[in-house]
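Values in this text are rule-based calculations from the coordinates and carry no lab data. Fair warning: this is a prediction, and the values are worked out from it, not measured in the lab. Note that each Cβ is placed from the backbone with ideal geometry, even for glycine, and that neighbours are counted across all protein chains shown.
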Amino acid sequence: MSNVSNVPPRGLFARLFEPPRIGAMAPGAKFIVYTLLLAWSAFVLFPIYWLLITSVKSAADVNGGPVYIPFVDFIPSLHAWRELFVVDYADTLRAYVNSIIISLAATALAVLIGSMAAYALARIRYQPNLITILLFVLVMAAALFAIGSYGVDWRLVLVVGVGIFYFLSKAVASRVHVPLANGDILFWMISQRILAPIVVVVPIYMMFQSVRMLDTHLAIILTYAVVNLPIVIWLMYDFFNSIPKDLEESAQLDGATMIMTFREIVLPLSRAGLAATTLLVMILCWNEYLLALFLSTAKAQTMPILVAAMNAGERGILWWSMSVVIIVMIIPVVFMAIVLQRYISKGVLLGAVKG
Amino acid sequence: MTSTTGRVVNSQPGYLPADNSQPPSRRFRFNEWLDGHARQLFITPAVVMILIFSIFPLVASLIIAFSRVRLKAGGYQVRFVGFQNFSKQIFGSEQFHFLGTFTSLTFLGWAVALSATGAILWWMFRYITTGFSVVGFIGRLITALVILGISWMFAATFFSGNPFGTLGVTLFYVFIGCAIQFIIGLALAFLCSQPIRGRNFFRVVFFIPMMITPIGVGYLFRMMADTTKGPFSPAWQWFGLNDFAWAANPWTARLFIIIGDSWQWIPFIFIILLAAFENIPRDYVEAGQVDGASNWQIFREISWPQVMPVAVTVMLIRVIEGFKIVDLPNIMTSGGPGIATESMSLHSLFAWRSLDLGQSAAIAYLLLFVTVVICVSFFNLIVVNRMRRI
Amino acid sequence: MNTDMTSASETDTLASDAKRLSIRKMNKHYGEFHAVKDLDIEVEPGEFLVLLGPSGCGKSTALRMIAGLEEITSGEVIMGDRDVTHVLPKYRDIAMVFQSYALYPHKTVAENIGFPLKVTGVPEEQRNKAVFDAAAQVQMETLLERFPRELSGGQRQRVALARAIIRRPSAFLMDEPLSNLDAKLRGFMRAELKHMQHELGVTTIYVTHDQIEAMTLAHRVAIMKDGELQQLGTPAEVYTNPVNLFVAGFMGSPPMNFLEGNVSESGLQVGNDKIPLDGVEDGMAITLGFRPEDASVVEAGQGRFDAMVYTAEMTGDLTLVTVKHGSSILTIKMPKDFMVDYNQNVGIQFDSELSYLFSTGDGARLKANVVDS
């Protein structure tokens, strides 16, 4: 078959888009690639540059039209930084500490509970009964309806509801068995991520209100942990599945309990997956705004609320202070990324997405 | 959950001497008990948490959506009102807000509506004639009805020159926004997978926006877009657009929100697709080079098919998250001008703020319904289909 | 493979296309690391040349440079009369079979085989016919609609071969193509590969670390070590006349036996026995080598030196006796009915004509020999 062209073309186009030598890039391609990448870098970096310089501008510099280069266009001042960290340091510090406590605790909780569930789903076969689940949901709906519409006391409803559910599941579910598989449980757990926070936030708000837990750390921690649980389960399930079973089986033969196996063998082997998951969940918790807006009023306010708080009052938006808060918020995330980065093999997210 | 765990080894601790006359310690017995219940122990916390904070609120929200909730001393009063909250949004006084303003269809509106209807009918007809299963049919029927409704909605509003409501705005953010983000994210990932210098620099820089809080991004882009005091104001003045304001026109306001959203979310798509590109075995590309394929052919025939399953899943995730959009329109435009940039989440949030809990829950449920139908259709009709080929 | 699969006329026209491949003073540096050093090989038209060496010896790098996948630091590659040193792989008219086969997982067998023609714009009808012919040549014509994941290792290997032959290239390059197969299949595919190369008559360069593959497949073997060519010759030459200690030790299974020592009084002291040598000077550090099949186990005191039996393994067609002498372990091939006890003292006899002497220091072969006493 001699129609294979084995003569390199020689035109202008070829000279621009054929690599001049092996392993090199064509000059035309190179130009296009660097142009695009640098253009996007500018698009990404310019707003961040603007953020940085706004944080050292005075109100007059911001409101008097754009000035671009510190010391040339304007004299930078640390007044916004001083205001936040010297004058109003109590508020700033509280929000900062709140944010740190809440995102660390919520991440730890989500990662712990999520990876336990993911491990169980990856290694143990479950066969829950669909009928039991349907009964549970029906009883819960009836209970809520009773509380909502007729004002029955929730403690009474809880007791009666548990009783009815127990009775029904003994009576019906033991006769009719529609088994579900691990895949169904996994899908159910991961699909919780579809819920927009707005769908569930009002009942959660009411729930915490009725037990007087609004504006506490615990309320936000629990909510954040559950919202991010699907991500943890999804990423870690895939990761655990990719770990060979031999090591765990060997540990079991040596007499280790399942909890010991999980703690001593599985978790250390999953460092890369845990690091990636932790980082992702941490970023999401750290930056969350809507749920925090509902669940905190004063004591438990987090940094994103503080950002929004700079747009309050008769003074308009305090762009300089807001910039400071946003910059201060980026720092711990970058720090976490650097700390966890060496554990993260870039394949972790990819593996889960492929599965 | 009565079946055995299949891990007999542990229930007979072999490391205890056989003639041990002392009873096992309390601690040991506790550990044994824990191990015997490990099956339940591992999964129960997650199930309980999801039941309490996800399923319970979901059911409660459903009840609220069918009720009128009144605050009263020491609690709430909930009155069941049937579909009233939903019908108000879809047919009643809030229709303009949720679906849009309907007058009569223009010629273009009719054309779009009829061609969409024809296409959907043809799609259903082809499915019935080629293969048929009850579940598949019902699933496709729901998909078809939702898409039909959406296309008539757009035909009657957008294509007939009327403003559309929060449903249309949300879909606009999701589909146009995600499409833009996908194309740019894919392009950047492909470029960064080339043998270029400074790859790590670009990788780090491109990732930064993901680290910034969405609300911060919202305010940041408000600064960027300010045509009088923002960094680009000289450029606007040079173009003679002194009076121009992004947030004043519905389309520029929407575009402005999509730009902010893309700035924040392209990194996510970029980072995963870059990993996917770098994960392609080098042999595949080299085999293509030896076999005489051009760079474009290698991308088209080898790299892209390898990356596509990942790309489709990433887009599914992005679409799911995209439906939740609320912070950016809230911060950047407060849903304005009018309701032009109000997403369904924001619509629900505003209803909650005016203490109309029933409406708020009804809108949230409508959002959930649309999200689930579109995501499940996308998953079943596209993702599963694509996965099968790989 | 049945010979009637390929018509005679087809093979004739192909054989005439075969090109000479000259590799001249080819070098590869990775920074400080010198991966390939002054490689000089002339591959005759239609020849099957095997590049043999341990892992990391630069043989794969050399092959990738010939393919154009790796830039050549210095030297040149000439195909026929054309200098292709700096030509992109797609213009070199070569086909390559990768160790992983590099079958595209999203393409069917037919699409995989037809890919080289598709990218060069061969019309579909013509392409389909060529695909069928190429698939038939490797007996894969019934599995054309399958995906690679639905094939066994051996079948994937065949698809990779079909993809290589479909374009009728002027050279085949193969990078350890059989190393992912199990032992039995490997033997079978080896025979098929050799037959096919003979039928097609295409110049072939084949990289392997398996000396049996090299011996059985090659017209000529090029043995490499640390980026340097050690010896180039027919399998028989390389086996019977190794130029140095490395080549001698690398070829043959079980490998050649070596005894190290210093020459004293024109002989090599081995335990209580002395092996007299000719052509060496006293004090030289030398290594004496002989092949397992050129030696025999005899009564203690009857051989050239004594050693202790370590194990005896019956392999079916023969018995491998391993003996220990000092720190060296030696293997002797004996008839299958040979019986010996463990830890027994035995004598080792070997043929002086078929023994080799090397300088221990640089490994070079010495012009010296063992003297029959």
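A few points about this structure:
- Where a label projected 7 Å from the Cα of A:Tyr68 along Cα→Cβ would reach, residues of region B:231-260 with amide N under 20 Å: B:231-242
- Euclidean distance of C-alpha centroids, region B:180-218 and region C:60-107, integer Å: 34
- Taking chain B as a Gaussian network of alpha-carbon nodes connected by springs under 10 Å, the highest mean-square fluctuation of the residues B:Leu367, B:Leu171, B:Leu145 belongs to B:Leu145.
- Cα pair distances of the protein assembly as shown binned at 10 Å [whole percent]: 2, 8, 13, 16, 16, 15, 12, 8, 5, 3, 1, 0
- C:His219 paired with B:Arg27, simple spin-label distance in nm, labels 7 Å along Cα-to-beta-carbon: 7.7
- Per residue of C:77-89, other chain Cβ atoms within 10 Å of the residue Cβ number 3 on average.
- Sites C:Lys184 and C:Asp40 - FRET efficiency at Förster radius 41 Å, r taken between beta-carbons, to 0.05: 0.65
- Here the sum of -39500 (n - 2.57) over DSSP H runs of 4 or more residues, divided by the residues of chain B, equals -20000 deg cm²/dmol at 222 nm, to the nearest 500.
- Pairwise FRET efficiency - C:Ala236 versus C:Val298, Cβ, R0 = 30 Å, nearest 0.05: 0.60
- Rounded to the nearest 20 debye, the dipole size of chain C about its Cα centre is 1360 debye, using +1 on the Cβ of Lys and Arg and -1 on the Cβ of Asp and Glu.
- For region B:163-389, averaging the sequence separation of C-alpha pairs within contact (under 8 Å, six or more residues apart) and dividing by the residue count gives a relative contact order of 30 percent.
- Shape of region B:163-389, Cα gyration tensor, a/c cut at 1.5: oblate
- Under 11 Å, Cβ to Cβ, from C:Asp372 - net charge with Lys/Arg +1 and Asp/Glu -1: -2
- Surrounding net charge for A:Ala292, when Lys and Arg each add one and Asp and Glu each subtract one, Cβ distance under 13 Å: -2
- Gaussian network model of chain B, springs between alpha carbon atoms under 10 Å - residue of B:Ser354, B:Ser160, B:Ser345 with greatest fluctuation: B:Ser354
- Here each label is just a point 7 Å from Cα along the line to Cβ, and for B:Phe102 and C:Thr73 those points are 7.6 nm apart.
- For region B:298-327 versus region A:68-143, the inter-centroid distance based on Cα atoms is 26 Å.
- Order of B:Met153, A:Met303 under a 10 Å beta carbon neighbour criterion, fewest first: B:Met153, A:Met303
- Centre separation in Å (Cα based) which lies between region C:163-196 and region B:125-177: 54
- Reachable aspartates and glutamates from B:Lys229, criterion Cα separation under 20 angstrom, eight or more residues apart if same chain: A:Asp61, A:Asp73, A:Glu314, B:Asp243
- Most positive-pole-ward Cα, C:Asn244, C:Pro169, B:Ile208, against dipole of the protein assembly as shown from beta carbon charges: B:Ile208
- Sum of side-chain charges, C:Thr311 neighbourhood, beta-carbon under 13 Å (Lys, Arg +1; Asp, Glu -1): -1
- Note on A:223-231: average number of Cβ atoms from other chains within 10 Å of each residue's Cβ is 3.
- Set of aspartates and glutamates near C:Lys274 by C-alpha distance (under 20 Å), chain-local residues within fewer than 8 positions excluded: C:Glu260, C:Glu265, C:Asp282, C:Asp294, C:Glu299, C:Asp306, C:Asp351, C:Glu353, C:Asp372
- Computed helical MRE - 222 nm, chain A, DSSP H runs ≥ 4 contributing -39500 (n - 2.57), nearest 500: -21500 deg cm²/dmol
- Given charges at beta-carbon only (K, R positive; D, E negative), |dipole| of the protein assembly as shown in Debye: 5060
- When only Cα pairs below 8 angstrom with a gap of at least 6 residues are kept, chain A shows a relative contact order of 24 percent.
- Estimated FRET transfer efficiency (C:Glu353, C:Lys129; beta-carbon r; R0 60 Å; 0.05): 0.55
- Footprinting exposure proxy ranking of C:Val119, C:Val371, C:Val297, fewest other C-beta atoms within 10 angstrom first, gives C:Val371, C:Val119, C:Val297.
- Put a plus charge on the Cβ of each Lys and Arg, a minus charge on the Cβ of each Asp and Glu, and nothing anywhere else: the dipole of region B:257-331 about its Cα centre is then about 180 debye.
- Inter-chain Cβ neighbour count for B:317-327, averaged per residue, equals 3 (cutoff 10 Å, partner chain atoms only).
- Top positive-direction residue, dipole computed over chain A with Cβ charges, set A:Ala256, A:Tyr224, A:Asn63: A:Ala256
- Helical segments meeting 30 Å axial Cα length and Kyte-Doolittle -0.5 threshold in chain B (DSSP H): B:107-130, B:134-156, B:250-278, B:357-378
- For chain C: relative contact order, % (alpha-carbon pairs under 8 angstrom, 6 or more apart): 16
- Under 20 Å of direct C-alpha separation, and excluding same-chain neighbours fewer than eight residues apart, C:Lys90 reaches these aspartates and glutamates: A:Glu18, B:Asp283, B:Glu286, B:Asp291, B:Glu301, C:Asp17, C:Glu70, C:Glu71, C:Glu76, C:Asp81, C:Glu111, C:Asp175.
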